[in-house]
Amino acid sequence: QVTCIEVVEAYVERIKEVNPLINAVVKDRFEEALQEARQVDKLLSEGPGNDCLEEKFPLLGVPITVKEAFSLYGMPNTSGLVNRRNVIATSDATVVSRLKQAGAIPLGVTNCSELCMWYESSNRVYGRTNNPYDLQRIVGGSSGGEGSVLAAACSVVGVGSDIGGSIRMPAFFNGVFGHKPTTGVVPNDGQFPNAHGVRTSYLCTGPMCRYAEDLEPVLRVMAGPGVSKLKLNEKVSLEKIKFHCMDHDGGSIFVSPVDKEILLAQKKVVEHLESDLGVQVQRVAIHKMKYSFQIWSAMMSSKDSEGQEAQRFTDLLGDHGKPVWPLWELMKWLVGMSSHTLPAIALGLTEKLVNLNVSGKAKLVSMGKSLQEEMEALLGPDGVLLYPSHPTIAPKHHSPICMPFNFAYTAIFNVLGLPVTQCPLGLGSEGLPLGIQLVAAAYNDHLTLAVARYLEKAFGGWVLPGKV
(Lines give C-alpha, C1' and ligand atoms only; values in the text may rest on other atoms or scores of the structure.)
Protein backbone atom coordinates (compact mmCIF):
# COMPACT_ATOMS: atom_id res chain seq x y z
CA GLN A 1 0.00 0.00 0.00
CA VAL A 2 2.94 2.35 0.56
CA THR A 3 6.43 2.39 -0.90
CA CYS A 4 9.51 1.64 1.16
CA ILE A 5 10.81 5.15 0.55
CA GLU A 6 7.60 6.57 2.04
CA VAL A 7 7.98 4.37 5.13
CA VAL A 8 11.63 5.26 5.70
CA GLU A 9 10.96 8.98 5.06
CA ALA A 10 8.15 8.88 7.68
CA TYR A 11 10.49 7.38 10.30
CA VAL A 12 13.30 9.80 9.43
CA GLU A 13 10.90 12.74 9.88
CA ARG A 14 9.65 11.31 13.18
CA ILE A 15 13.22 11.00 14.50
CA LYS A 16 13.99 14.57 13.43
CA GLU A 17 10.83 15.71 15.23
CA VAL A 18 11.32 14.02 18.60
CA ASN A 19 15.04 13.25 18.94
CA PRO A 20 15.91 16.79 20.16
CA LEU A 21 13.70 15.97 23.19
CA ILE A 22 14.64 12.35 23.89
CA ASN A 23 18.26 12.22 22.59
CA ALA A 24 17.95 8.52 21.70
CA VAL A 25 19.53 8.37 18.22
CA VAL A 26 23.16 9.46 18.68
CA LYS A 27 24.25 9.08 15.04
CA ASP A 28 22.00 8.66 12.02
CA ARG A 29 22.52 7.21 8.56
CA PHE A 30 19.46 8.77 6.93
CA GLU A 31 20.98 9.28 3.48
CA GLU A 32 22.14 5.67 3.25
CA ALA A 33 18.77 4.44 4.59
CA LEU A 34 16.84 6.41 1.96
CA GLN A 35 19.10 5.05 -0.77
CA GLU A 36 18.53 1.50 0.51
CA ALA A 37 14.76 2.15 0.53
CA ARG A 38 14.91 3.18 -3.14
CA GLN A 39 16.71 -0.07 -3.93
CA VAL A 40 13.96 -2.02 -2.14
CA ASP A 41 11.26 -0.30 -4.21
CA LYS A 42 13.25 -1.04 -7.37
CA LEU A 43 13.53 -4.69 -6.37
CA LEU A 44 9.78 -4.90 -5.72
CA SER A 45 8.91 -3.34 -9.08
CA GLU A 46 11.33 -5.48 -11.10
CA GLY A 47 11.78 -8.63 -9.06
CA PRO A 48 10.03 -12.01 -8.88
CA GLY A 49 6.76 -12.60 -7.02
CA ASN A 50 6.41 -11.20 -3.50
CA ASP A 51 6.13 -14.70 -1.97
CA CYS A 52 9.62 -15.52 -3.20
CA LEU A 53 10.98 -12.21 -1.88
CA GLU A 54 9.28 -12.69 1.49
CA GLU A 55 11.05 -16.00 1.98
CA LYS A 56 14.45 -14.59 1.01
CA PHE A 57 14.06 -11.18 2.72
CA PRO A 58 11.61 -11.60 5.65
CA LEU A 59 12.34 -8.06 6.91
CA LEU A 60 12.52 -6.35 3.51
CA GLY A 61 12.36 -2.58 3.93
CA VAL A 62 11.73 -2.63 7.70
CA PRO A 63 13.36 0.39 9.43
CA ILE A 64 15.43 -0.62 12.48
CA THR A 65 17.76 1.01 14.99
CA VAL A 66 20.82 -0.51 16.64
CA LYS A 67 22.28 -0.04 20.11
CA GLU A 68 25.54 1.89 19.69
CA ALA A 69 27.46 -0.89 21.49
CA PHE A 70 27.01 -3.04 18.35
CA SER A 71 29.14 -2.58 15.25
CA LEU A 72 27.15 -1.06 12.39
CA TYR A 73 29.40 -0.27 9.44
CA GLY A 74 30.35 3.42 9.27
CA MET A 75 28.75 4.24 12.63
CA PRO A 76 30.48 5.04 15.96
CA ASN A 77 31.04 2.15 18.39
CA THR A 78 32.06 3.82 21.67
CA SER A 79 29.66 2.32 24.24
CA GLY A 80 29.73 5.78 25.81
CA LEU A 81 33.46 5.62 26.63
CA VAL A 82 35.22 8.95 26.05
CA ASN A 83 38.53 7.42 24.97
CA ARG A 84 36.67 5.49 22.21
CA ARG A 85 34.89 8.55 20.82
CA ASN A 86 36.78 8.28 17.50
CA VAL A 87 36.11 4.56 16.99
CA ILE A 88 34.09 3.93 13.82
CA ALA A 89 32.87 0.43 12.98
CA THR A 90 34.48 -1.09 9.88
CA SER A 91 32.13 -4.10 9.80
CA ASP A 92 28.74 -5.24 11.08
CA ALA A 93 28.06 -7.26 14.24
CA THR A 94 26.75 -10.73 13.36
CA VAL A 95 23.11 -9.95 14.29
CA VAL A 96 23.24 -6.61 12.44
CA SER A 97 24.60 -8.37 9.35
CA ARG A 98 21.82 -10.98 9.55
CA LEU A 99 19.12 -8.30 9.86
CA LYS A 100 20.55 -6.37 6.90
CA GLN A 101 20.72 -9.55 4.82
CA ALA A 102 17.04 -10.15 5.70
CA GLY A 103 16.27 -6.74 4.16
CA ALA A 104 16.09 -4.51 7.25
CA ILE A 105 17.22 -0.88 6.88
CA PRO A 106 19.17 0.63 9.83
CA LEU A 107 18.32 4.28 10.50
CA GLY A 108 21.13 4.86 13.02
CA VAL A 109 22.59 3.92 16.38
CA THR A 110 21.14 4.64 19.82
CA ASN A 111 22.47 5.66 23.21
CA CYS A 112 23.51 3.34 26.05
CA SER A 113 25.09 3.64 29.49
CA GLU A 114 28.88 3.84 29.84
CA LEU A 115 30.25 0.38 28.97
CA CYS A 116 26.66 -0.97 29.11
CA MET A 117 26.87 -1.52 32.87
CA TRP A 118 24.27 0.79 34.38
CA TYR A 119 20.53 1.21 34.20
CA GLU A 120 20.43 4.88 33.24
CA SER A 121 21.51 5.55 29.64
CA SER A 122 23.78 8.54 30.12
CA ASN A 123 27.46 9.00 29.30
CA ARG A 124 30.13 11.64 28.69
CA VAL A 125 30.11 11.10 24.90
CA TYR A 126 26.43 11.61 24.03
CA GLY A 127 24.77 12.87 27.20
CA ARG A 128 21.51 11.57 28.62
CA THR A 129 18.51 9.93 26.96
CA ASN A 130 15.02 10.87 28.18
CA ASN A 131 11.82 8.86 28.57
CA PRO A 132 9.18 9.83 25.97
CA TYR A 133 6.38 9.44 28.55
CA ASP A 134 8.07 11.93 30.90
CA LEU A 135 11.32 13.63 29.91
CA GLN A 136 12.33 13.85 33.59
CA ARG A 137 12.39 10.04 33.84
CA ILE A 138 15.06 7.51 32.91
CA VAL A 139 14.86 5.18 29.92
CA GLY A 140 16.71 2.35 31.66
CA GLY A 141 19.91 0.76 30.51
CA SER A 142 21.93 -0.27 28.94
CA SER A 143 19.77 -0.52 25.78
CA GLY A 144 17.97 2.66 26.87
CA GLY A 145 18.23 4.50 23.56
CA GLU A 146 16.44 1.57 21.92
CA GLY A 147 13.64 1.58 24.49
CA SER A 148 13.14 5.33 24.06
CA VAL A 149 13.31 5.37 20.25
CA LEU A 150 10.81 2.52 19.93
CA ALA A 151 8.38 4.00 22.48
CA ALA A 152 8.45 7.32 20.60
CA ALA A 153 7.54 5.50 17.34
CA CYS A 154 10.86 6.34 15.68
CA SER A 155 11.74 2.75 14.73
CA VAL A 156 10.05 -0.61 14.19
CA VAL A 157 12.66 -2.97 15.64
CA GLY A 158 15.62 -2.48 17.97
CA VAL A 159 18.78 -4.50 18.52
CA GLY A 160 19.57 -4.80 22.23
CA SER A 161 21.82 -6.80 24.54
CA ASP A 162 21.24 -7.92 28.10
CA ILE A 163 23.57 -9.16 30.87
CA GLY A 164 21.59 -7.86 33.84
CA GLY A 165 18.32 -6.69 32.31
CA SER A 166 19.63 -4.33 29.63
CA ILE A 167 16.87 -5.27 27.17
CA ARG A 168 14.06 -5.80 29.67
CA MET A 169 14.47 -2.71 31.91
CA PRO A 170 14.39 -0.24 28.98
CA ALA A 171 11.49 -2.18 27.44
CA PHE A 172 9.63 -1.94 30.78
CA PHE A 173 10.35 1.74 31.49
CA ASN A 174 9.37 2.69 27.92
CA GLY A 175 6.32 0.44 27.55
CA VAL A 176 7.54 -1.81 24.71
CA PHE A 177 8.32 -5.50 24.25
CA GLY A 178 11.78 -6.93 24.80
CA HIS A 179 12.99 -10.52 24.67
CA LYS A 180 16.09 -11.98 26.35
CA PRO A 181 16.51 -15.31 24.57
CA THR A 182 17.78 -18.53 26.07
CA THR A 183 21.54 -18.10 26.52
CA GLY A 184 23.90 -19.20 23.76
CA VAL A 185 21.52 -19.15 20.78
CA VAL A 186 21.81 -15.62 19.34
CA PRO A 187 25.47 -14.66 18.68
CA ASN A 188 26.97 -11.78 20.67
CA ASP A 189 29.87 -11.14 18.23
CA GLY A 190 30.62 -7.58 17.22
CA GLN A 191 29.59 -5.66 20.32
CA PHE A 192 31.74 -3.73 22.77
CA PRO A 193 32.25 -4.68 25.46
CA ASN A 194 31.71 -8.34 24.62
CA ALA A 195 31.55 -11.02 27.29
CA HIS A 196 34.59 -13.12 28.22
CA GLY A 197 35.06 -16.10 30.51
CA VAL A 198 32.03 -17.07 32.55
CA ARG A 199 30.06 -14.02 31.34
CA THR A 200 29.67 -15.52 27.86
CA SER A 201 26.98 -17.69 29.49
CA TYR A 202 25.09 -14.63 30.77
CA LEU A 203 25.19 -12.04 27.96
CA CYS A 204 22.28 -12.26 25.51
CA THR A 205 21.47 -10.36 22.32
CA GLY A 206 17.80 -9.98 21.46
CA PRO A 207 14.99 -8.00 19.84
CA MET A 208 13.01 -5.03 21.14
CA CYS A 209 9.74 -4.03 19.42
CA ARG A 210 6.53 -2.08 19.86
CA TYR A 211 4.40 -5.05 18.85
CA ALA A 212 4.58 -8.57 20.29
CA GLU A 213 4.10 -10.23 16.89
CA ASP A 214 7.39 -8.68 15.67
CA LEU A 215 9.53 -10.41 18.33
CA GLU A 216 9.43 -13.88 16.78
CA PRO A 217 10.33 -13.05 13.14
CA VAL A 218 13.19 -10.81 14.29
CA LEU A 219 14.42 -13.45 16.75
CA ARG A 220 14.41 -16.02 13.92
CA VAL A 221 16.68 -13.80 11.82
CA MET A 222 18.97 -12.96 14.77
CA ALA A 223 19.35 -16.60 15.80
CA GLY A 224 20.14 -17.83 12.27
CA PRO A 225 20.97 -21.57 12.16
CA GLY A 226 20.55 -21.89 15.95
CA VAL A 227 16.86 -20.97 15.81
CA SER A 228 15.69 -24.61 15.81
CA LYS A 229 16.74 -24.91 19.47
CA LEU A 230 14.03 -22.39 20.43
CA LYS A 231 11.04 -24.50 19.26
CA LEU A 232 9.43 -21.49 17.56
CA ASN A 233 7.53 -23.76 15.15
CA GLU A 234 5.74 -25.57 18.00
CA LYS A 235 2.10 -24.59 18.39
CA VAL A 236 1.35 -23.26 21.87
CA SER A 237 -1.92 -24.07 23.62
CA LEU A 238 -2.25 -21.36 26.27
CA GLU A 239 -4.78 -23.38 28.27
CA LYS A 240 -2.17 -26.11 28.77
CA ILE A 241 0.53 -23.80 30.13
CA LYS A 242 1.21 -24.18 33.86
CA PHE A 243 1.30 -20.59 35.10
CA HIS A 244 3.18 -19.60 38.27
CA CYS A 245 3.19 -16.20 39.91
CA MET A 246 5.61 -14.51 42.31
CA ASP A 247 4.82 -10.96 43.47
CA HIS A 248 8.27 -9.99 44.76
CA ASP A 249 11.72 -11.37 45.55
CA GLY A 250 10.90 -12.10 49.19
CA GLY A 251 12.22 -8.84 50.64
CA SER A 252 15.88 -8.28 49.82
CA ILE A 253 17.54 -5.57 51.94
CA PHE A 254 19.30 -4.27 48.81
CA VAL A 255 16.19 -3.73 46.69
CA SER A 256 13.11 -1.44 46.85
CA PRO A 257 9.72 -2.95 47.72
CA VAL A 258 7.55 -3.51 44.64
CA ASP A 259 5.26 -0.56 43.82
CA LYS A 260 1.55 -1.12 44.54
CA GLU A 261 0.64 -0.26 40.94
CA ILE A 262 2.99 -2.94 39.60
CA LEU A 263 1.53 -5.49 42.02
CA LEU A 264 -2.00 -4.50 40.98
CA ALA A 265 -1.14 -4.84 37.28
CA GLN A 266 0.26 -8.32 37.94
CA LYS A 267 -2.87 -9.25 39.90
CA LYS A 268 -5.02 -8.20 36.92
CA VAL A 269 -2.95 -10.47 34.65
CA VAL A 270 -3.49 -13.41 37.01
CA GLU A 271 -7.25 -12.74 37.20
CA HIS A 272 -7.52 -12.44 33.42
CA LEU A 273 -5.60 -15.69 32.79
CA GLU A 274 -7.79 -17.54 35.29
CA SER A 275 -11.13 -16.18 34.03
CA ASP A 276 -10.39 -16.19 30.30
CA LEU A 277 -8.30 -19.36 29.91
CA GLY A 278 -9.74 -21.31 32.82
CA VAL A 279 -6.28 -22.02 34.21
CA GLN A 280 -5.17 -22.01 37.83
CA VAL A 281 -2.22 -19.67 38.42
CA GLN A 282 -0.03 -21.19 41.13
CA ARG A 283 1.44 -18.74 43.66
CA VAL A 284 5.05 -19.61 44.50
CA ALA A 285 7.63 -18.27 46.97
CA ILE A 286 11.16 -19.18 45.90
CA HIS A 287 13.30 -18.36 48.92
CA LYS A 288 16.63 -17.98 47.07
CA MET A 289 15.25 -15.14 44.88
CA LYS A 290 15.73 -12.91 47.93
CA TYR A 291 19.48 -13.14 47.23
CA SER A 292 19.20 -12.32 43.52
CA PHE A 293 21.64 -9.41 43.58
CA GLN A 294 24.26 -11.28 45.61
CA ILE A 295 23.96 -14.40 43.40
CA TRP A 296 24.24 -12.37 40.16
CA SER A 297 27.21 -10.42 41.48
CA ALA A 298 29.07 -13.54 42.65
CA MET A 299 28.41 -15.49 39.46
CA MET A 300 29.40 -12.54 37.25
CA SER A 301 32.81 -12.33 38.95
CA SER A 302 33.49 -16.08 39.21
CA LYS A 303 36.05 -18.09 37.22
CA ASP A 304 34.93 -20.12 34.21
CA SER A 305 35.33 -23.91 33.86
CA GLU A 306 38.93 -23.44 32.68
CA GLY A 307 39.80 -21.27 35.68
CA GLN A 308 39.85 -18.02 33.69
CA GLU A 309 39.12 -14.92 35.79
CA ALA A 310 36.22 -12.67 34.79
CA GLN A 311 37.30 -9.52 32.96
CA ARG A 312 37.68 -6.60 35.34
CA PHE A 313 35.48 -3.57 34.76
CA THR A 314 38.39 -1.23 35.52
CA ASP A 315 40.30 -2.82 32.61
CA LEU A 316 37.35 -2.16 30.31
CA LEU A 317 37.23 1.47 31.46
CA GLY A 318 40.85 1.84 30.38
CA ASP A 319 40.12 0.11 27.03
CA HIS A 320 43.69 -1.05 26.34
CA GLY A 321 45.08 2.24 27.63
CA LYS A 322 46.29 3.23 31.09
CA PRO A 323 44.58 1.34 33.93
CA VAL A 324 41.79 3.28 35.64
CA TRP A 325 42.03 3.82 39.41
CA PRO A 326 38.43 4.20 40.64
CA LEU A 327 39.33 6.13 43.83
CA TRP A 328 41.39 8.65 41.83
CA GLU A 329 38.56 8.94 39.27
CA LEU A 330 36.10 9.62 42.10
CA MET A 331 38.28 12.48 43.36
CA LYS A 332 38.49 13.84 39.81
CA TRP A 333 34.71 13.45 39.39
CA LEU A 334 34.06 15.51 42.53
CA VAL A 335 35.82 18.47 40.92
CA GLY A 336 34.35 17.87 37.45
CA MET A 337 37.58 16.50 35.95
CA SER A 338 36.73 12.82 35.26
CA SER A 339 35.76 11.57 31.80
CA HIS A 340 33.73 8.76 33.42
CA THR A 341 30.21 8.70 34.87
CA LEU A 342 29.66 8.27 38.62
CA PRO A 343 27.94 4.85 38.25
CA ALA A 344 30.94 3.52 36.28
CA ILE A 345 33.36 4.78 38.95
CA ALA A 346 31.19 3.28 41.70
CA LEU A 347 31.11 -0.08 39.90
CA GLY A 348 34.91 -0.01 39.67
CA LEU A 349 35.10 0.57 43.44
CA THR A 350 32.59 -2.15 44.41
CA GLU A 351 34.19 -4.67 42.04
CA LYS A 352 37.18 -4.94 44.36
CA LEU A 353 34.95 -5.54 47.41
CA VAL A 354 33.13 -8.49 45.81
CA ASN A 355 36.38 -10.42 45.42
CA LEU A 356 37.48 -9.96 49.05
CA ASN A 357 35.11 -12.58 50.54
CA VAL A 358 36.17 -15.72 48.64
CA SER A 359 34.27 -18.29 50.74
CA GLY A 360 31.10 -16.14 50.76
CA LYS A 361 31.30 -15.84 46.97
CA ALA A 362 31.65 -19.62 46.54
CA LYS A 363 28.50 -20.17 48.66
CA LEU A 364 26.54 -17.71 46.51
CA VAL A 365 27.69 -19.37 43.27
CA SER A 366 26.56 -22.71 44.70
CA MET A 367 23.22 -21.13 45.66
CA GLY A 368 22.85 -19.86 42.08
CA LYS A 369 23.37 -23.35 40.65
CA SER A 370 20.82 -24.73 43.12
CA LEU A 371 18.31 -21.98 42.19
CA GLN A 372 18.78 -22.82 38.51
CA GLU A 373 17.87 -26.46 39.17
CA GLU A 374 14.88 -25.39 41.27
CA MET A 375 13.61 -23.05 38.52
CA GLU A 376 14.02 -25.64 35.75
CA ALA A 377 12.15 -28.21 37.88
CA LEU A 378 9.34 -25.74 38.64
CA LEU A 379 8.87 -24.55 35.06
CA GLY A 380 9.47 -27.83 33.23
CA PRO A 381 8.44 -28.19 29.57
CA ASP A 382 5.18 -26.21 29.87
CA GLY A 383 5.58 -23.63 32.66
CA VAL A 384 5.62 -19.82 32.63
CA LEU A 385 6.45 -17.65 35.65
CA LEU A 386 4.96 -14.16 36.07
CA TYR A 387 7.42 -11.88 37.87
CA PRO A 388 7.82 -8.07 38.21
CA SER A 389 10.09 -6.46 35.60
CA HIS A 390 11.43 -4.00 38.20
CA PRO A 391 10.34 -2.96 41.70
CA THR A 392 9.45 0.59 40.59
CA ILE A 393 8.06 2.38 37.54
CA ALA A 394 10.54 4.53 35.57
CA PRO A 395 12.48 6.55 38.21
CA LYS A 396 13.49 10.19 37.83
CA HIS A 397 16.94 10.97 36.40
CA HIS A 398 19.88 10.31 38.79
CA SER A 399 17.71 8.52 41.38
CA PRO A 400 18.96 4.99 40.49
CA ILE A 401 22.24 5.88 42.23
CA CYS A 402 20.27 5.82 45.51
CA MET A 403 18.93 2.28 44.84
CA PRO A 404 21.64 0.82 42.61
CA PHE A 405 20.68 -2.84 42.98
CA ASN A 406 17.04 -2.72 41.82
CA PHE A 407 18.14 -4.31 38.54
CA ALA A 408 18.32 -7.62 40.47
CA TYR A 409 14.74 -8.32 39.37
CA THR A 410 15.95 -8.81 35.80
CA ALA A 411 19.61 -9.79 36.43
CA ILE A 412 18.88 -13.05 38.20
CA PHE A 413 17.50 -14.61 34.99
CA ASN A 414 20.76 -13.90 33.12
CA VAL A 415 22.80 -16.11 35.44
CA LEU A 416 20.01 -18.73 35.37
CA GLY A 417 20.14 -18.75 31.54
CA LEU A 418 16.34 -18.61 31.17
CA PRO A 419 14.37 -16.96 28.33
CA VAL A 420 12.34 -13.92 29.44
CA THR A 421 9.89 -11.66 27.59
CA GLN A 422 9.08 -8.24 29.04
CA CYS A 423 5.47 -7.39 28.23
CA PRO A 424 3.89 -3.90 28.64
CA LEU A 425 0.60 -3.64 30.56
CA GLY A 426 -0.61 -0.13 29.74
CA LEU A 427 0.06 3.06 31.73
CA GLY A 428 -0.20 3.73 35.46
CA SER A 429 -1.71 6.72 37.30
CA GLU A 430 1.25 8.97 36.42
CA GLY A 431 1.06 8.07 32.73
CA LEU A 432 4.13 5.84 32.97
CA PRO A 433 4.37 2.30 31.58
CA LEU A 434 3.60 -0.80 33.62
CA GLY A 435 4.73 -4.31 32.65
CA ILE A 436 5.59 -7.86 33.62
CA GLN A 437 8.30 -10.46 32.97
CA LEU A 438 7.30 -13.80 31.48
CA VAL A 439 9.88 -16.51 32.28
CA ALA A 440 10.18 -20.08 30.93
CA ALA A 441 12.66 -22.95 31.19
CA ALA A 442 15.66 -22.92 28.84
CA TYR A 443 14.80 -23.21 25.11
CA ASN A 444 11.09 -22.63 25.77
CA ASP A 445 11.15 -19.12 24.28
CA HIS A 446 8.06 -20.05 22.23
CA LEU A 447 5.98 -20.13 25.44
CA THR A 448 6.83 -16.62 26.67
CA LEU A 449 6.43 -15.15 23.17
CA ALA A 450 2.97 -16.74 22.83
CA VAL A 451 1.87 -15.41 26.25
CA ALA A 452 3.19 -11.93 25.30
CA ARG A 453 1.03 -11.92 22.15
CA TYR A 454 -1.97 -12.97 24.23
CA LEU A 455 -1.43 -10.30 26.92
CA GLU A 456 -0.96 -7.61 24.25
CA LYS A 457 -4.49 -8.29 23.01
CA ALA A 458 -5.87 -8.35 26.55
CA PHE A 459 -4.08 -5.27 27.95
CA GLY A 460 -3.40 -3.13 24.88
CA GLY A 461 0.40 -3.39 24.62
CA TRP A 462 2.33 -0.29 23.60
CA VAL A 463 0.62 3.10 24.08
CA LEU A 464 1.75 6.14 22.08
CA PRO A 465 3.32 8.70 24.49
CA GLY A 466 1.11 11.79 24.68
CA LYS A 467 3.85 14.25 25.64
CA VAL A 468 6.10 13.88 22.59
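The values are calculated or read from the model by the stated rules, or taken from the named source; none is laboratory data. On a predicted model such as this, the values are computed, not experimentally measured, just so you know. Note: ideal-geometry Cβ built from the backbone for every residue, glycine included; neighbour counts use all protein chains shown. Surface accessibility is based on the protein's heavy atoms, side chains included, excluding ligands, DNA and RNA. Shrake-Rupley method; radii C 1.70, N 1.55, O 1.52, S 1.80 Å.
Scanning for something touching a residue at least 12 places away in the same chain (Cβ under 8 Å), in contact with a helix residue (DSSP H, G or I) (Cβ under 6 Å, 6 or more places away or on another chain) and in a helix (DSSP H, G or I), does the range 74-94 turn up at least one residue?
No, the conditions are met nowhere in the range 74-94.
Provide a single number: the residues in the range 1-42 that are assigned to a helix (DSSP H, G or I), over 28 Å from Gly466 (Cβ atoms) and either open to solvent by less than 60 Å² (accessible area, probe 1.4 Å) or among the hydroxyl-bearing types (Ser, Thr, Tyr) (or both). Outline the logic, then answer.
Quick first cut of the range 1-42, residues assigned to a helix (DSSP H, G or I) only: 4-22, 30-42.
Within this subset, residues satisfying the condition of being over 28 Å from Gly466 (Cβ atoms) are 4-5, 31-32, 34-42.
Of the ones still in play, those that are also either open to solvent by less than 60 Å² (accessible area, probe 1.4 Å) or among the hydroxyl-bearing types (Ser, Thr, Tyr) (or both) are 4-5, 34, 36-37, 40-41.
The number of residues fulfilling the criteria is 7.
Would you check if there is a residue in the range 94-101 being buried (at least 22 other Cβ atoms within 10 Å of the Cβ) and of a type in the set (Ser, Thr, Tyr)?
The first filter runs over the range 94-101 and keeps only residues buried (at least 22 other Cβ atoms within 10 Å of the Cβ), leaving 95-96, 99.
Applying the additional criterion that residues be of a type in the set (Ser, Thr, Tyr) yields none.
The answer is no; no qualifying residue exists.
So which of Pro58, Pro48 is at pLDDT below 95, farther than 11 Å from Ile105 by Cβ and not charged (D, E, K, R)? Working first, answer last.
On the way: Pro58 fails: at pLDDT below 95.
When all the criteria are applied, what remains is Pro48.
Being surrounded by fewer than 19 Cβ atoms within 10 Å (Cβ to Cβ) and either under 21 Å from Ser142 (Cα atoms) or at pLDDT below 95 (or both) is the filter here; which residues of the range 77-90 pass it? First the steps, then the outcome.
Quick first cut of the range 77-90, residues surrounded by fewer than 19 Cβ atoms within 10 Å (Cβ to Cβ) only: 82-88, 90.
Of everything in the range 77-90, those that are surrounded by fewer than 19 Cβ atoms within 10 Å (Cβ to Cβ) and either under 21 Å from Ser142 (Cα atoms) or at pLDDT below 95 (or both) turn out to be Val82, Asn83, Arg84, Arg85, Asn86, Val87, Ile88.
Asp214 - would you say it is open to solvent by less than 80 Å² (accessible area, probe 1.4 Å), in a loop (DSSP other than H, G, I, E, B), among the acidic types (Asp, Glu) and at pLDDT 95 or above? Break it down stepwise before answering.
Values: open to solvent by less than 80 Å² (accessible area, probe 1.4 Å): yes; in a loop (DSSP other than H, G, I, E, B): no; among the acidic types (Asp, Glu): yes; at pLDDT 95 or above: yes.
It is false that Asp214 is open to solvent by less than 80 Å² (accessible area, probe 1.4 Å), in a loop (DSSP other than H, G, I, E, B), among the acidic types (Asp, Glu) and at pLDDT 95 or above.
Looking only at the range 43-60, which residues are in a helix (DSSP H, G or I) and either among the acidic types (Asp, Glu) or open to solvent by 40 Å² or more (accessible area, probe 1.4 Å) (or both)?
Leu43, Leu44, Ser45, Glu46, Asn50, Asp51, Cys52, Glu54, Glu55, Lys56
In the range 244-261, which residues are polar (S, T, N, Q) and in contact with a Phe, Trp or Tyr (Cβ under 8 Å, 6 or more places away or on another chain)? Even if it seems obvious, please write down each step before you answer.
So in the range 244-261, the residues polar (S, T, N, Q) come out as 252, 256.
Result: Ser252, single match.
Checking the condition open to solvent by less than 20 Å² (accessible area, probe 1.4 Å), among the small types (Gly, Ala, Ser), closer than 19 Å to Gly226 by Cβ and at pLDDT 95 or above, which residue from Gly178, Gly206 passes? Walk me through how you get there before you give the answer.
Working: Gly178 fails: closer than 19 Å to Gly226 by Cβ.
Exactly one residue qualifies, and that residue is Gly206.
For the range 357-406: of the residues being part of a loop (DSSP other than H, G, I, E, B) and open to solvent by 60 Å² or more (accessible area, probe 1.4 Å), which is nearest to Pro257 (Cα to Cα)? Spell out the reasoning first.
Keep residues of the range 357-406 that are part of a loop (DSSP other than H, G, I, E, B), which gives 357, 388-395, 397-398, 403-406.
In the following step, the residues that additionally are open to solvent by 60 Å² or more (accessible area, probe 1.4 Å) were identified as 357, 398, 403.
Numbers: Asn357: 27, His398: 19, Met403: 11 Å.
Residue satisfying both the conditions and the ranking: Met403.
Hey, among Ser302, Ser297, which residue is surrounded by 12 or more Cβ atoms within 10 Å (Cβ to Cβ), at pLDDT 75 or above, part of a helix (DSSP H, G or I) and not hydrophobic (A, V, I, L, M, F, W, C)?
Details: Ser302 fails: part of a helix (DSSP H, G or I).
Answer to the check: Ser297.
Could you pull out the residue among Val255, Val227 that is touching a residue at least 40 places away in the same chain (Cβ under 8 Å), surrounded by 18 or more Cβ atoms within 10 Å (Cβ to Cβ) and in a loop (DSSP other than H, G, I, E, B)?
On the way: Val227 fails: in a loop (DSSP other than H, G, I, E, B).
Of the residues listed, the single one that is touching a residue at least 40 places away in the same chain (Cβ under 8 Å), surrounded by 18 or more Cβ atoms within 10 Å (Cβ to Cβ) and in a loop (DSSP other than H, G, I, E, B) is Val255.
Limited to the range 275-294, what total is found for residues that are part of a helix (DSSP H, G or I) and touching a residue at least 12 places away in the same chain (Cβ under 8 Å)?
We begin by selecting, within the range 275-294, every residue part of a helix (DSSP H, G or I); these are 275-277, 287-294.
Retained after the next criterion (residues that are touching a residue at least 12 places away in the same chain (Cβ under 8 Å)): 276-277, 287-294.
Qualifying residue count, the range 275-294: 10.
Kindly indicate whether any position in the range 102-117 is polar (S, T, N, Q) and open to solvent by 10 Å² or more (accessible area, probe 1.4 Å).
no
Being touching a helix residue (DSSP H, G or I) at 6+ places or on another chain (Cβ under 9 Å), part of a loop (DSSP other than H, G, I, E, B) and either among the aromatic types (Phe, Trp, Tyr) or modelled with pLDDT under 95 (or both) is the filter here; which residues of the range 424-466 pass it?
Tyr443, Trp462
Consider only pairs whose beta carbons are under 6 Å apart and that are at least six residues apart or on different chains; among these, list those whose first residue lies in the range 146-166 and is modelled with pLDDT under 95 and whose second residue is in a loop (DSSP other than H, G, I, E, B).
Qualifying pairs under 6 Å: Ile163/Tyr202; Ile163/Leu203; Gly164/Phe407.
Sort out which residues of the range 133-161 are among the charged types (D, E, K, R) and open to solvent by 10 Å² or more (accessible area, probe 1.4 Å), and write them in order of number.
Across the range 133-161, the qualifying residues are Asp134, Arg137.
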